[in-house]
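Student: Here it is, the structure, as structure tokens.
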Amino acid sequence: MDRRQFYKPGVPNSMFPSAPFSEILTQPIIFNIGVMPNSPHWSSRQVDGGDTISVQSDSVDQQGSSEALSTLNTNSSNIASHIDRVASGFSQSEMSALQELENLLMAPDIEEDAATSSYADLSHGMDDNRQSDFVSRKCQKLSHQSCPKAIQHIFKNSGDGGVRSLLIECARAMSEDRLDDFKMLVMQTEKLVSICGDPIQRLGAYMREGLLARQEASGSLIYRTLKCHEPEGKELLSHMQTLYDICPYFKFGYMAANGAIAESVKNEDNVHIIDFQIAQGTQWITLIKALAARPGGPPYLRITGVDDPVNRYARGDGLDTVGKRLKTIAEKSNIPLEFKGLSVFGPDVTREMLDIRPGEAVAVNFTLQLHHTPDESVDVSNPRDGLLRMVKGLSPKVTTLVEQESNTNTAPFFTRFTETLDYYYAMFESIDVTLPRDSKDRINVEQSCLAKDIVNIIACEGKDRLERHELLGKWISRLTMAGFKPLPLSSYVNSVIKSLLGCYSDKYTLVEKDGAMLLGWKDRNLISASAWH
């Protein structure tokens, strides 16, 4: 696929007439690897060429799909005590049918057609609720080996092939410490998921790995269990560039943040940008060019790039390389630039490190980064709110925040699991409309850029869980408590972003809310962008 097809001329610009801002903001750039977490990358199924990709799982083989398991009851501990009471509610003919059905359920080697036919005959006379209740409770007592094709057939016509329902039941069993049920259920998922399948099957493959990792280990052992490795910087950057090209999520975040900064400092002679996850520094290439084209001449620009020491592998080098690259671009654009790199974790940054100078307009940027900083639920010192208060103390002209619109921070495990399933299903589905299912690029993008986030959310707890997303409403509360006030994105920036979405599927949505913007897929918001002062 020719990536150039995703770029179209921007709308006319009135802010920077000598170099249209919309064209500068929407031109192709190398993707900023820093938008993704800095933890090791999961890649236990690396693709090594060839057009046919298959998955080898460490779990034992099992018999076919088991869609019936999507209706499992959560109170398996009470099943035995309920059997007599439930049975007493059936007529003699129904009891006879139940007895025959029980015999059928315990016969694992029957053919599917025969089993299905037998079930249809036996269940005649039972209402739907009693059928479902009986089968659900019966399946909870079945071993993996004895779960028959008849039960699989009952629910096989659900819209997602049973993958979503079965994954949810796996998570429910784990959350309720029903480990025997969990082991039986998770085994049933193996042949229902595939990294080459439809969106729910692909997502299910990674959700399944997260569940297994949670069962087998915790904390720092998670990635060891999954045989993680840190991909080469160039390899990972290539995958991130592909994701940047095929989806508007990260372009949206960059454009919203850069537009808010450009608007806020348009009359300033000295500008100091503090980026709390600079990574490759590529977010700033377009802004440098836009500021250089500013009427009346460019400002003196300082960029302080903060990036934790773990992220060095994604760059392949230190922050000095980022500084040299940005200075080269600034020289070509005839704008003076001073760069300083801070290889330190965000919560450890102090005002003294930042060297704030009198008379300069400070702009602070948090692009898909702040959710990595733990809050009061992890650390009693509340580093997340502490960092925001420190930034407010710098009296910034503007602070930009771009975050995933998901609620996985303090939610209990089961709620967090279903939220992750819903969020990433929308993202996987949006990828599905652009790249073929057998595309190696798509597989590598999902493995290298998304899978490790999913596994971290599901498998890890405490300080080992780095992915701690919050919804826009919660971020608004945090920023307000820290003393910030909202700075609505300009109508011009909004129009540029709307123009960008014209290059993609019409299923992408853009919502303006409380002065912020939310980009989504269908009815699910995925990324929020807001500005503060």
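The values are calculated or read from the model by the stated rules, or taken from the named source; none is laboratory data. These figures come from a predicted structure and were not determined experimentally. All Cβ positions, glycine included, derive from the backbone under ideal geometry; neighbour counts span all protein chains shown.
Student: What do you reckon, is PRO374 free of Cβ contacts under 8 Å to residues at least 40 places away in the same chain, within 30 Å of SER175 (Cβ to Cβ) and not small (Gly, Ala, Ser)?
Tutor: Details: free of Cβ contacts under 8 Å to residues at least 40 places away in the same chain: no; within 30 Å of SER175 (Cβ to Cβ): yes; not small (Gly, Ala, Ser): yes.
No.
Student: Another question about this same structure. For residues that are in a helix (DSSP H, G or I) and basic (Lys, Arg), scanning just the stretch 416-441, find the one that is surrounded by the fewest Cβ atoms within 10 Å (Cβ to Cβ).
Tutor: Applying the first criterion (in a helix (DSSP H, G or I)) to the stretch 416-441 yields 416-432, 440-441.
Filter once more, keeping what is basic (Lys, Arg): 416, 440.
Details: ARG416: 23, LYS440: 15.
Only one residue tops the list, namely LYS440.
Student: State yes or no: is LYS452 charged (D, E, K, R), crowded, with 19+ Cβ neighbours inside 10 Å and not assigned by TED's automatic domain parsing to the domain that holds GLU263? Write out each step before concluding.
Tutor: Working: charged (D, E, K, R): yes; crowded, with 19+ Cβ neighbours inside 10 Å: yes; not assigned by TED's automatic domain parsing to the domain that holds GLU263: yes.
So LYS452 fits the description; yes.
Student: I want to confirm something. Restricting to the stretch 493-526 and keeping residues that are of a type in the set (S, T, N, Q) and more than 19 Å from GLN404 (Cβ to Cβ), which single residue is farthest from the chain's Cα centre (by Cα)?
Tutor: From the stretch 493-526, those of a type in the set (S, T, N, Q) are 494-495, 499, 505, 509, 525; that's our starting set.
Now narrow it down to the ones that are more than 19 Å from GLN404 (Cβ to Cβ): 494-495, 499, 505.
Details: ASN494: 24, SER495: 26, SER499: 25, SER505: 20 Å.
Looking at residues that are of a type in the set (S, T, N, Q) and more than 19 Å from GLN404 (Cβ to Cβ), I get SER495.
Student: Name the residues in the stretch 391-413 that are within 25 Å of ASP464 (Cβ to Cβ) and free of Cβ contacts under 8 Å to residues at least 60 places away in the same chain, would you? Working first, answer last.
Tutor: Going residue by residue through the stretch 391-413, those that are within 25 Å of ASP464 (Cβ to Cβ) are 401-413.
THR410, ALA411, listed by residue number.
Let's see how each residue does on (1) in contact with a His (Cβ under 6 Å, 6 or more places away or on another chain); (2) among the hydrophobic types (A, V, I, L, M, F, W, C):
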{"position": "GLU405", "(1), (2)": "no, no"}
{"position": "ARG416", "(1), (2)": "no, no"}
{"position": "GLU419", "(1), (2)": "no, no"}
{"position": "ASP422", "(1), (2)": "no, no"}
{"position": "PHE428", "(1), (2)": "no, yes"}
{"position": "VAL433", "(1), (2)": "no, yes"}
{"position": "ARG437", "(1), (2)": "no, no"}
{"position": "ILE454", "(1), (2)": "no, yes"}
{"position": "HIS469", "(1), (2)": "yes, no"}
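Student: Another question about this same structure. Tell me yes or no: at least one residue of the stretch 467-485 is surrounded by fewer than 14 Cβ atoms within 10 Å (Cβ to Cβ) and in a loop (DSSP other than H, G, I, E, B).
Tutor: Yes, there is a match, as at least one residue in the stretch 467-485 is surrounded by fewer than 14 Cβ atoms within 10 Å (Cβ to Cβ) and in a loop (DSSP other than H, G, I, E, B).
Student: Given the condition touching a strand residue (DSSP E or B) at 6+ places or on another chain (Cβ under 7 Å), within 16 Å of GLY520 (Cα to Cα) and of a type in the set (Gly, Ala, Ser), answer yes or no: does some residue in the stretch 414-436 qualify?
Tutor: Scanning the stretch 414-436, I find at least one residue that is touching a strand residue (DSSP E or B) at 6+ places or on another chain (Cβ under 7 Å), within 16 Å of GLY520 (Cα to Cα) and of a type in the set (Gly, Ala, Ser), so the answer is yes.
Student: Here's another thing I want to ask about it. Sort out for me the helices (runs of 4 or more DSSP H) sitting completely within the stretch 213-290 that have 3 or more residues that are out of contact with any His (no Cβ under 6 Å at 6 or more places or on another chain) and modelled with pLDDT of 95 or more.
Tutor: Where helices (runs of 4 or more DSSP H) fall fully within the stretch 213-290 and carry at least 3 residues being out of contact with any His (no Cβ under 6 Å at 6 or more places or on another chain) and modelled with pLDDT of 95 or more, they are 249-264.
Student: Report yes if some residue within the stretch 301-308 is assigned by TED's automatic domain parsing to the domain that holds LEU387, closer than 26 Å to GLU405 by Cα, in a strand (DSSP E or B) and touching a strand residue (DSSP E or B) at 6+ places or on another chain (Cβ under 8 Å); otherwise report no.
Tutor: We begin by selecting, within the stretch 301-308, every residue assigned by TED's automatic domain parsing to the domain that holds LEU387; these are 301-308.
With the extra rule that they be closer than 26 Å to GLU405 by Cα, the set shrinks to 305-308.
Subset that is in a strand (DSSP E or B): 305-306.
Filter again for touching a strand residue (DSSP E or B) at 6+ places or on another chain (Cβ under 8 Å), leaving 305-306.
Yes, that holds for at least one residue.
Student: I'd like to verify a number: residues in the stretch 495-527 that are buried (at least 17 other Cβ atoms within 10 Å of the Cβ) and under 17 Å from ILE261 (Cβ atoms), how many?
Tutor: 4
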